[in-house]
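A short reminder: the numbers here are calculations on the coordinates, not readings from a lab. Everything numeric here is computed off the predicted structure, so don't read it as measured data. Every residue, glycine among them, receives a Cβ derived from its backbone with ideal geometry; neighbour counts consider all protein chains shown.
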Amino acid sequence: MSSMGKSEIGSHIRLYLYRIPKKNHYAMVQLGDQFAQMFRNYGCYAQSFQLESTETSEDFTSVANAVSINQDEEIWLDLEFTTDRKHRNDVDTKIQNDKFAGLLMKQFLGLLVKGSKPIKSDFIHSRTYIEAK
C-alpha cells in the first residue's frame, strides 16, 4: 500500500484499535475476512492487521505500551478507506441498515477482551484538510 496515493485509497480513513484474547485469534481472522468483503460490497476498502512486534526505537513508544495488554492478549487494527466524508457517510448508512452487518458486529464485540471497548477514530488526509481550509 505504500505506493498508493490518496487518490487510490481515498482521503478518509477510519481506524479501529482493539484487544482480543489470543484464544480468539482464528475467529477474528475469519470475522475480519467477512467484514472486509462486506465493506468491499459497499465500495469501501477495509483491512485488519494484528500487532506484529512491540519493539520500537528509543524516541518512540509501542502501541502495546499505550494500550496496555496482558500476555494472553493481542492488539488488532482495522482500517477503512473511503474517498471522502460523503462516501464514508453513505457506507455507514448502508452498514447500519444491513442486518448481516449487525450480526457481524455482535460477533466482533463478543471476541474482544471482556470489559474493553475498541478505539474508533476518523482521519482525513493532511492535504485534504489543508485544502478545505
* Asked: Which condition number does Gln34 fail, the rest of (1) out of contact with any helix residue (DSSP H, G or I) (no Cβ under 8 Å at 6 or more places or on another chain); (2) surrounded by 14 or more Cβ atoms within 10 Å (Cβ to Cβ); (3) not in a loop (DSSP other than H, G, I, E, B) being met?
  -> (1)
* So, of the residues in segment 60-77 that are buried (at least 17 other Cβ atoms within 10 Å of the Cβ) and not aromatic (Phe, Trp, Tyr), which turns out to be nearest to Pro118 (Cα to Cα)? -> Ile75
* Asked: Just a yes or no: is a residue in segment 38-45 surrounded by 14 or more Cβ atoms within 10 Å (Cβ to Cβ), touching a residue at least 24 places away in the same chain (Cβ under 8 Å), touching a strand residue (DSSP E or B) at 6+ places or on another chain (Cβ under 8 Å) and assigned to a loop (DSSP other than H, G, I, E, B)?
  -> yes
* Being under 17 Å from Ala46 (Cβ atoms) and part of a loop (DSSP other than H, G, I, E, B) is the filter; apply it to segment 85-124 and report the residue that is nearest to the chain's Cα centre (by Cα). => Pro118
* Asked: Restricting the first residue to segment 54-74 and requiring it to be over 14 Å from Tyr18 (Cβ atoms), which pairs with a second residue that is charged (D, E, K, R) meet a Cβ separation below 8 Å and a spacing of at least six or different chains?
  -> Ser62/Glu55; Asp72/Lys22; Asp72/Lys23
